[in-house]
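Before any comments, here is the structure.
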Amino acid sequence: MDAFEILVVVLSSLLALFLALSIVVAVFAIKLVKNLKQISDKAVVLVNDASSVAATMKKAAAPAVVARFIAEQVNRAIKRHGDKSNNKED
């Protein structure tokens, strides 16, 4: 066996080794990409849910503020009316 044949055997062995390693790395990369896609899909769903909750809260907040204001005004009127009726009784 001369040097050329030894070189061919060594290079073909290294080529086979690198081919096997690249296949393994490619499989792991594909799995990683799939996992990242699942995570990004879940993040999109989470953001959509959060935005719908925020929209619902925004819609509910305005009537709640108005209702609170009206309740405060009614309570003030009742207190004032109650104070005047107590003064008349004395």
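Cβ-Cβ distance below 8 Å, separation of 6 or more or different chains: which pairs start in the stretch 1-22 with a residue that is free of Cβ contacts under 8 Å to residues at least 24 places away in the same chain and end on one that is of a type in the set (Ser, Thr, Tyr) and surrounded by 10 or more Cβ atoms within 10 Å (Cβ to Cβ)?
Close Cβ pairs satisfying both conditions: none exist.
Has the stretch 15-24 got at least one residue that is within 38 Å of the chain's Cα centre (by Cα), of a type in the set (Val, Ile, Thr) and at pLDDT 95 or above?
Within the stretch 15-24, one or more residues are within 38 Å of the chain's Cα centre (by Cα), of a type in the set (Val, Ile, Thr) and at pLDDT 95 or above.
Would you mind stating whether residue 65 is modelled with pLDDT under 80 and on the phi < 0 side of the Ramachandran plot? Even if it seems obvious, please write down each step before you answer.
Values: modelled with pLDDT under 80: yes; on the phi < 0 side of the Ramachandran plot: yes.
Against the criterion (modelled with pLDDT under 80 and on the phi < 0 side of the Ramachandran plot), residue 65 qualifies.
As an exercise: evaluate residue 37 against (1) over 23 Å from the mean Cα position of the chain (by Cα); (2) surrounded by 10 or more Cβ atoms within 10 Å (Cβ to Cβ); (3) of a type outside the set (Phe, Trp, Tyr) and give the number of the one condition it does not meet.
(1)
The values are calculated or read from the model by the stated rules, or taken from the named source; none is laboratory data. Keep in mind it's a predicted model, so treat the numbers as computed, not measured. FYI the Cβ positions are ideal-geometry reconstructions off the backbone, even for glycines, and counts take in every protein chain you see.
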